[in-house]
2 protein chains.
Amino acid sequence: MNLPYYAVIFTSTRTEVDDDYNEMGTKMVELAKKQEGFLAVESARNDIGITVSYWQSLESIKQWKQNLDHLDAQQKGISKWYENYIVRICLVEKEYSFQK
Amino acid sequence: MNLPYYAVIFTSTRTEVDDDYNEMGTKMVELAKKQEGFLAVESARNDIGITVSYWQSLESIKQWKQNLDHLDAQQKGISKWYENYIVRICLVEKEYSFQK
C-alpha cells in the first residue's frame, strides 16, 4: 500500500447474541472489497475484537459508512451484536514490516 | 483520550515457537504502561494477531521503540516468535463510540 492512506480501527466487545453475526461479517467484508478506495481488511477476536480496514482516502471511508447494506449492518450491530465499540479513523504516516 | 493522538497497529503471524512468548507479552504491556506518553493498548489474536497501542506523540513512540528491554523483545520476536509482521504508525484524527 502506498503511503499515505487511512486505517479505520474498529474495537468491539460482543453481546451473547449470535443471530447471523458471522454471516453478516463475511457479507460486509465481501461488500467492502468492492468499494472504491478499499485497500485491505484484517480482523482478530478473543476477549475483544479488533478489525482494521485500510482505505485510500477519507472520502472512500465516508462512502462506505453510508453504503445502504452497511448501514443496515451497523444498525443490527447496535441493536444486537455489540456491547460497545470504538471506531477510530487514522492517517497512516509510516509503516515497516518483517518477513521471515 | 484527547484528539489528536497516535496509534501503532502491529499485525503479526506467529511461528510455532512458544518459548516465553506470553510471558514476554505480559511483561511488555506492563513496561509500556510505565512509558511517558503511553495511553492504552488492546490486543486480539486468532489466525493473525492485532495489537494496537495508543500514544500521545511520535516522540513517545520513538522512545518506546528504543527502550532496551523492548529492543530485546523485538529481537526475540524476529528470531523466534513471528513469521511476519507489519507495524503502522498512525495519527488518530477522529473517533466515535457506542456503549449499550
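The values are calculated or read from the model by the stated rules, or taken from the named source; none is laboratory data. In this text the structure is predicted, and so the values were computed from the model without any measurement. Reconstructed Cβ throughout: ideal geometry from the backbone, glycine too, with neighbour counts over all protein chains shown. In case anyone asks, the SASA skips ligands and DNA or RNA and just uses the protein heavy atoms, side chains included. Shrake-Rupley method; radii C 1.70, N 1.55, O 1.52, S 1.80 Å.
Here are a few things to note about the model shown:
- Single residue of A:SER60, A:SER79, A:SER53 found to be of a type in the set (Gly, Ala, Ser) and within 20 Å of B:ASN46 (Cα to Cα): A:SER53
- Condition check for B:THR51: crowded, with 16+ Cβ neighbours inside 10 Å and modelled with pLDDT of 95 or more: yes
- The lone exception for B:ASP69 - which of (1) open to solvent by 70 Å² or more (accessible area, probe 1.4 Å); (2) touching a strand residue (DSSP E or B) at 6+ places or on another chain (Cβ under 9 Å) it fails: (2)
- Meets criteria (touching a Phe, Trp or Tyr at 6+ places or on another chain (Cβ under 9 Å) and either among the hydrophobic types (A, V, I, L, M, F, W, C) or over 29 Å from B:ARG14 (Cβ atoms) (or both)) for A:MET24: yes
- Evaluation of A:VAL17 against the conditions (1) touching a residue at least 60 places away in the same chain (Cβ under 8 Å); (2) more than 19 Å from B:LYS100 (Cα to Cα); (3) open to solvent by 30 Å² or more (accessible area, probe 1.4 Å); (4) of a type outside the set (S, T, N, Q) shows that the sole unmet condition is (2).
- Taken across region A:86-93, residues that are among the acidic types (Asp, Glu) and either within 19 Å of B:ALA7 (Cα to Cα) or touching a His at 6+ places or on another chain (Cβ under 7 Å) (or both) do occur, with at least one present.
- Search result, residues across region B:19-45 that are farther than 23 Å from B:GLU59 by Cβ and not charged (D, E, K, R): B:TYR21, B:ASN22, B:MET24, B:GLY25, B:THR26, B:SER43, B:ALA44
- Being within 17 Å of A:THR13 (Cβ to Cβ) and surrounded by 14 or more Cβ atoms within 10 Å (Cβ to Cβ) is a property that does not hold for A:ILE78.
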